[in-house]
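Engineer: Quick one: the structure is below, questions incoming.
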Amino acid sequence: MKRLIYPGTLLAPAFLFVACGGGQEKVEEKPLNIIHIMTDDHSYQTISAYGHALGKLAPTPNLDRLAAEGMLFRQAFVENSLSTPSRACLMTGLYSHQNGQRQLGAGIDTTKTFFSEILRAHGYQTCVVGKWHMQCEPKGFDSYHVLWDQGDYYNPEFKSPETNGEYVREEGYATSLITDHAIEFLEKRDPGKPFCLLVHHKAPHRNWMPDTRYLDLYEDVDFPYPDTFNDRYATRCAAASTQEMRIDDDMTLVYDLKVDELKQTKPHDNEWNVEGWDASLARMTPEQRETWMNSYKPRNERFIQSDLKGEDLVRWKYQRYIKDYVRCIKSIDDEVGRLLDYLEREDLMDNTVIVYTSDQGFYMGEHGWFDKRFMYEESFRTPLIIRYPGKIKPGSECTALVQNIDYAPTYLDIAGIEKPDYMVGTSLVPLFGGETPKDWREYLYYHYYDYPAIHMVRRHDGVRDSRYKLIHFYGDKDQYREAIDCNELYDLRTDPNELHNLYGDPEYAEVQDRLQAQLDKFRAEQKVDEY
């Protein structure tokens, strides 16, 4: 039975099992520390441990090290593939409609308890550094050092308790600065108490601005199109064809692809957020700006002179997008390595659970797209790696269905604290031994609400089991789109790219009815109020 620990008392010691001769013995250890590293929009396709073509061409040795020393999750998912809602799921262990954060911007129900508050009440030192992106103050943290809004790649502004509510500009690259502040917390903490540190990176969020030392990295690499790049959505509901997230049509040359020179050479009435691009350049120091221009300007001039059209232009856009994206990932991997090296030097690796994940997945050209939002695999699924000394066998993998509502219960479980009854997530600790318990969940529920909004992805919810997925798109007619009430069904074993909608196929009637019954059950039991 799990030990109940009451506010104001220090956590009782945890135990690690270590090999001793031919058997095992309990060795009393200090309470376990927790580090949750979360990036923004990091696709599992670009972590080389997952074996994807992109990861092989742009390897991530430090993340691979973490996977080699821990557990790689093959079926980790989110409940709502959008930044702020995902962060709210992390902090509360609740679905979006339960914690209030259904969309970007306002919404979080601040009366809900964050897991950081519970850990802090039970003796943990708590800290969050980097991207917070919820319209409330960080709750349950002894210290914090958080970015303004999405944060900027170069010379971003941070707020901490010491800045009296003001965001203060700091010179440097965001990924490195966030690691600096994580290590600063570790150096100043009370070594006699356990800690929980959330390291939330801005990268690789749009518009994918690499560090100056990596501006030319991978320039000689030709990244392959994904198999579904030229998808035409033939069997899908209208939502797939009416989105605005195609690399071909919706990725901008100035803001996204950094062709600054085009602002002066041709009108850009259809270019999105040129002002944002100007602001990104303007915040650079003279030295940063000079390095940036020395790298991009010659390439941009060659691109303009080539006057690409049609498929040649799309291919160029894809290559620029992917290269800038994985350049940002290179810095993430470096900084994860720097943090691991610090923990090793300070003799903290054996007593610290380290988690690496993203706030959702991301499209690397699959279906012709960038961004996220849909319940299709590339945005629904996230990378997840957990290193737990003495509990997780190095180099292990897990294929159980897990979700971001599970993080809060997991961290409480690691700390020896009972999960509150209201949390709908499930602790992942029972999976760490390498076997999936017989009573583990068979289904996941997903719900996306943010329409009308950027990228114009229609609202939808759905369920997924280990093989099949049912999606329901819904919404009334408005000034932008026609009404939609449409379903999609996929067999992920025979159609992993989700190209063939099987909804209404008599051969799949039993599967369709079973998933629909489960979707109805989720809606009723979790009191979902729109679908």
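Engineer: Could you tell me the relative contact order of the chain? Use alpha-carbon pairs under 8 Å, at least six residues apart, and round to a whole percent.
Structural biologist: Relative contact order comes out at 23 percent.
Engineer: Something else now. Could you tell me the distance between the Cα centroids of segment 322-363 and segment 56-74, to the nearest Å?
Structural biologist: Measuring centre to centre over Cα atoms gives 10 Å.
Engineer: Distance in nm between label sites at Asp421 and Asp278, each 7 Å beyond Cα in the beta-carbon direction?
Structural biologist: 5.8
Engineer: Filter the chymotrypsin sites (Phe, Trp or Tyr not before Pro) in segment 442-507 down to the DSSP loop ones having no more than 13 other Cβ atoms within 10 Å, then list what survives. Could you put the intermediate results ahead of the total?
Structural biologist: Numbers: sites: Tyr443, Tyr445, Tyr446, Tyr448, Tyr449, Tyr468, Phe473, Tyr474, Tyr480, Tyr490, Tyr503; in loops: Tyr443, Tyr449, Tyr480, Tyr503.
Taking segment 442-507 and a limit of 13 other Cβ atoms within 10 Å, the loop chymotrypsin sites (Phe, Trp or Tyr not before Pro) found are Tyr480.
Engineer: Using a Förster distance of 41 Å, how high is the FRET efficiency between Asp180 and Tyr233, based on the Cβ-Cβ distance and rounded to 0.05? All intermediate terms of the calculation are to be shown ahead of the outcome.
Structural biologist: Values: r = 44 Å, r/R0 = 1.08.
The value I calculate is 0.40.
Engineer: Going down the table (Lys30/Lys393; Lys159/Lys202; Lys139/Lys330; Lys202/Lys372), which pairs top 22 Å between alpha carbons? Each step should come with its number before you reach the end.
Structural biologist: Numbers: Lys30/Lys393 20 Å; Lys159/Lys202 15 Å; Lys139/Lys330 31 Å; Lys202/Lys372 16 Å.
Beyond 22 Å: Lys139/Lys330.
Engineer: Right, next: Would segment 259-369 count as rounded, prolate or oblate if I go by the C-alpha gyration tensor, calling it rounded below 1.5 in a/c and otherwise prolate when a/b exceeds b/c, oblate otherwise?
Structural biologist: Note, shape of segment 259-369 comes out prolate.
Engineer: Here is a further query. For segment 383-436, which GluC sites (Glu not before Pro) are in a loop by DSSP, counting at most 15 other Cβ atoms within 10 Å?
Structural biologist: Numbers: sites: Glu397, Glu418, Glu435; in loops: Glu418, Glu435.
When the GluC sites (Glu not before Pro) of segment 383-436 are filtered for loop state and at most 15 Cβ neighbours within 10 Å, Glu418, Glu435 remain.
Engineer: Where a ≥ b ≥ c are the square roots of the eigenvalues of the C-alpha gyration tensor, would you call segment 347-480 rounded, which needs a/c under 1.5, or, failing that, prolate if a/b is larger than b/c, or oblate? The partial results should precede the final answer.
Structural biologist: Numbers: a/c = 2.19, a/b = 1.91, b/c = 1.15.
Taking the square roots of the gyration eigenvalues as a ≥ b ≥ c, segment 347-480 is prolate.
Engineer: On to the next question. Select from segment 27-75 those GluC sites (Glu not before Pro) which occupy a DSSP coil region and have at most 15 other Cβ atoms within 10 Å, ordered by residue number.
Structural biologist: Glu29
Engineer: How far apart, in nanometres, would the label points at Leu499 and Lys297 be if each is projected 7 angstrom from Cα along the Cα-to-Cβ direction?
Structural biologist: Rounded to a tenth, the inter-label distance reads 4.5 nm.
Engineer: Would you tally the net charge around Ala182, using a Cβ to Cβ cut-off of less than 15 Å, leaving Ala182 out, and scoring K and R as +1, D and E as -1?
Structural biologist: Taking every Cβ under 15 Å from that of Ala182, the sum is -4.
Engineer: Let me ask something else. Can you figure out the FRET efficiency of Asp529 with Ala68, using R₀ = 56 Å and their beta-carbon distance, to the nearest 0.05?
Structural biologist: 0.80
Engineer: Compute the distance in nm between two label points, each set 7 Å from the Cα along the Cα-to-Cβ direction, one at Glu244 and one at Ala453.
Structural biologist: 1.4
Engineer: Only bridges whose two residues both fall in the chain count here: according to DSSP, what percent of them are antiparallel, nearest 5?
Structural biologist: 60
Engineer: Label segment 124-267 by shape, choosing from rounded, prolate and oblate, from the square roots a ≥ b ≥ c of the eigenvalues of the Cα gyration tensor; if a/c is under 1.5 it is rounded, and otherwise prolate applies when a/b is larger than b/c, oblate when it is not.
Structural biologist: prolate
Read the figures in this text as sums done on the coordinates, not as results from a lab. The model shown is predicted, which means the values in this text are computed figures rather than measured ones. All Cβ positions, glycine included, derive from the backbone under ideal geometry; neighbour counts span all protein chains shown.
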